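The structure under discussion appears below in the form of structure tokens.
The values are calculated or read from the model by the stated rules, or taken from the named source; none is laboratory data. Since this is a predicted model, take the numbers as computed values, not measurements. Here the Cβ positions follow ideal geometry from the backbone for every residue, glycine too, while neighbour counts run over all protein chains shown.
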Amino acid sequence: MNKIKKQTRPVFPFTAIIGQEEMKLSLVLNVIDPKIGGVMIMGDRGTGKSTTIRAIADLLPKIEVISDDIFNSHPYDYDLMSDFVKQQIENKINLDKTLIKVPMVDLPLGATEDRLCGTIDIEKALNEGVKSFEPGLLARANRGILYVDEVNLLDDHLVDILLDSAASGWNTVEREGISIRHPARFVLVGSGNPEEGELRPQLLDRFGMHAEIRTVRDPSLRVQIVEQRTQFDLDPYSCIENFRDQQNELKESIVRAQNRLNNVVIDYDLKVKISQICGILNVDGLRGDIVTNRAAKAFAAYQNKDEVEIDDVKKIIKLCLRHRLRKDPLDTIDSGSKVNEVVDEILI
């Protein structure tokens, strides 16, 4: 208990969150395989979006980084190191390592491009010949989670930068002929309320998964949620202690799935069926096919399986495709139901 009380700010346990299964599953799968491409969470206000995202970050095991490195460089994985750390290793310099919590970075709505990407001190570069870089939020988010609330209200230019960095895993800052590049591998999580405007289709398509959440209507479930939250606010440490076993169990499942992921296979015929579904639904490009394959493998790994089965695909395909369908203003059926109809027809 004393150990828990050392936390500066108690975080609501992920396993204590009632309902919102789509959101929880999407977040877990993106943590297992960040290459899925992040998740867009759209839903009503006050449905626990921010609480759930902070909870998944708090749940994850600590990561090993190079001490005092502003980019959270990995000690052994070359692709997750800053150029400075690479040089140090090439020069056979011993670097101190430490364990840190998985970074959870919030992007405020009024953020500028400099705040997001970082800035180069031109004066220092010209006068002293030294590349001086003031890191931005993308540097802090490397190997962690970058959360953008109200992403549909964010400037399209910034959303483009976010999505480019999330897809490539790198951020490049250029100014007056000076260029600095650093790793920026993170799980991008966006949330918003559809009543305040949708994201442009070409930007929405680049989010790996799309979870829809609605206000719980069942009275007894609403009471349960309110009581759970009230108990946490009164005594957060007791609540954290009560869910310790479930938290540890889920943490172990995620680590197991991460280790198993590379060995999971998906049968060729099943791949063809996934692409057939994308074709019937007129999904533009191949991103839908790729994300569905990735998410299905992550879900199979999460279920302790080495091969993807039809049920695994059925579980995740709606989350991967619903936001990629062309919107027909005269359509009375929602995109999720449309995906389900085609899936039931093809995946028998």
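Things worth noting here:
- Flag set for Leu80, criterion: buried (at least 17 other Cβ atoms within 10 Å of the Cβ) and at pLDDT below 85.
- Filtered residues of the stretch 272-291 (kept if surrounded by 15 or more Cβ atoms within 10 Å (Cβ to Cβ) and free of Cβ contacts under 8 Å to residues at least 12 places away in the same chain): Ile290
- Test: residue in the stretch 310-326 that is in a helix (DSSP H, G or I), modelled with pLDDT under 85 and of a type outside the set (Asp, Glu): no
- Here Ala211 meets each of (1) more than 17 Å from the chain's Cα centre (by Cα); (2) crowded, with 18+ Cβ neighbours inside 10 Å; (3) under 27 Å from Gly43 (Cβ atoms) with one exception, condition (1).
- Selection within the stretch 32-47 - buried (at least 22 other Cβ atoms within 10 Å of the Cβ) and over 24 Å from Asp160 (Cβ atoms): Ile32
- Within the stretch 233-249, one or more residues are polar (S, T, N, Q), surrounded by 17 or more Cβ atoms within 10 Å (Cβ to Cβ) and outside the structural domain of Leu188 (by TED's automatic domain parsing).
- Boolean, Leu59 is more than 18 Å from Val151 (Cβ to Cβ), among the hydrophobic types (A, V, I, L, M, F, W, C) and either in the same structural domain as Gly190 (by TED's automatic domain parsing) or modelled with pLDDT under 90 (or both): yes
- Single unsatisfied condition, Pro61 versus (1) surrounded by fewer than 17 Cβ atoms within 10 Å (Cβ to Cβ); (2) under 25 Å from Val226 (Cα atoms); (3) in contact (Cβ under 8 Å) with a residue 24 or more places away in the chain; (4) out of contact with any Ser or Thr (no Cβ under 6 Å at 6 or more places or on another chain): (2)
- Looking only at the stretch 148-184, and only at residues there that are part of a loop (DSSP other than H, G, I, E, B) and either touching a Ser or Thr at 6+ places or on another chain (Cβ under 9 Å) or outside the structural domain of Val39 (by TED's automatic domain parsing) (or both), the one that is surrounded by the most Cβ atoms within 10 Å (Cβ to Cβ): Ala184
- Some residue of the stretch 300-320 being of a type in the set (D, E, K, R), closer than 23 Å to Leu199 by Cβ and touching a His at 6+ places or on another chain (Cβ under 7 Å): no
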